[in-house]
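Enquirer: Pasting a structure below so you can have a look.
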Amino acid sequence: MRRPGKDPPSKKRYDRRKPVVSFRVSKEELDKLDKMREGSGLSRGQFLKRTFGLELTKKDDVYRKGHRDGYRKAKEEYSVDVFCNAGDGLIVVRGDDFKMKIRNVVAKTYNVYHRDCKPQNMADDKCELFDREVGDE
């Protein structure tokens, strides 16, 4: 066992960054605490930090970043952009009804088919052919 005041500098720095908080509880209180955290998969320390709200900032930041990144990716991948008829740049189309109208116009104008859906009598160079993607039904 180390003598007081003889800790190495790295231990002293660690203790300054992560001070110990401790308190005593009765056996019954400890059992109650363990029952409350049962099934959470958290250690006692993690459970208490979460209970006191000390982990929420980190969790909320992770959630917000994931939401923001997911929204940005979905917008890039699934949004429909059209040119303004006045030639004043792109319009990001929102709303499922209008997107459906645009999709129908594109499909009819460009003869868009899955490879296995193309009519037999239509030449390949007269349409746009796409492979089915996984989960596409």
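The values are calculated or read from the model by the stated rules, or taken from the named source; none is laboratory data. All figures in this text were calculated on a predicted structure; none of them were measured in a lab. Counting neighbours? That spans all protein chains shown, and the Cβs are built from the backbone with ideal geometry, glycine included.
Enquirer: Assess whether Arg44 counts as being surrounded by 11 or more Cβ atoms within 10 Å (Cβ to Cβ) and modelled with pLDDT under 85.
Expert: It is false that Arg44 is surrounded by 11 or more Cβ atoms within 10 Å (Cβ to Cβ) and modelled with pLDDT under 85.
Enquirer: Exactly one condition in (1) within 30 Å of Leu30 (Cα to Cα); (2) outside the structural domain of Asp31 (by TED's automatic domain parsing); (3) of a type in the set (Phe, Trp, Tyr) is false for Phe52; which is it?
Expert: Result: Phe52 fails condition (2) only.
Enquirer: Looking at the range 57-77, which of its residues are among the aliphatic types (A, V, I, L, M) and closer than 19 Å to Asp96 by Cβ?
Expert: Ala74 - this is the single residue of the range 57-77 that is among the aliphatic types (A, V, I, L, M) and closer than 19 Å to Asp96 by Cβ.
Enquirer: Please find, among Asp88, Asp69, Asp34, Asp81, the residue that is of a type in the set (Asp, Glu) and either in contact (Cβ under 8 Å) with a residue 40 or more places away in the chain or exposed (fewer than 10 other Cβ atoms within 10 Å of the Cβ) (or both).
Expert: Asp88
Here's the yes/no breakdown for (1) touching an Asp or Glu at 6+ places or on another chain (Cβ under 9 Å); (2) hydroxyl-bearing (Ser, Thr, Tyr); (3) assigned to a helix (DSSP H, G or I):
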{"site": "Lys49", "(1), (2), (3)": "yes, no, yes"}
{"site": "Lys65", "(1), (2), (3)": "no, no, yes"}
{"site": "Arg68", "(1), (2), (3)": "no, no, yes"}
{"site": "Asp88", "(1), (2), (3)": "no, no, no"}
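Enquirer: Can you name the number of the only condition in (1) under 30 Å from Gln46 (Cβ atoms); (2) not in a helix (DSSP H, G or I) that Lys118 fails?
Expert: Lys118 satisfies every listed condition except (1).
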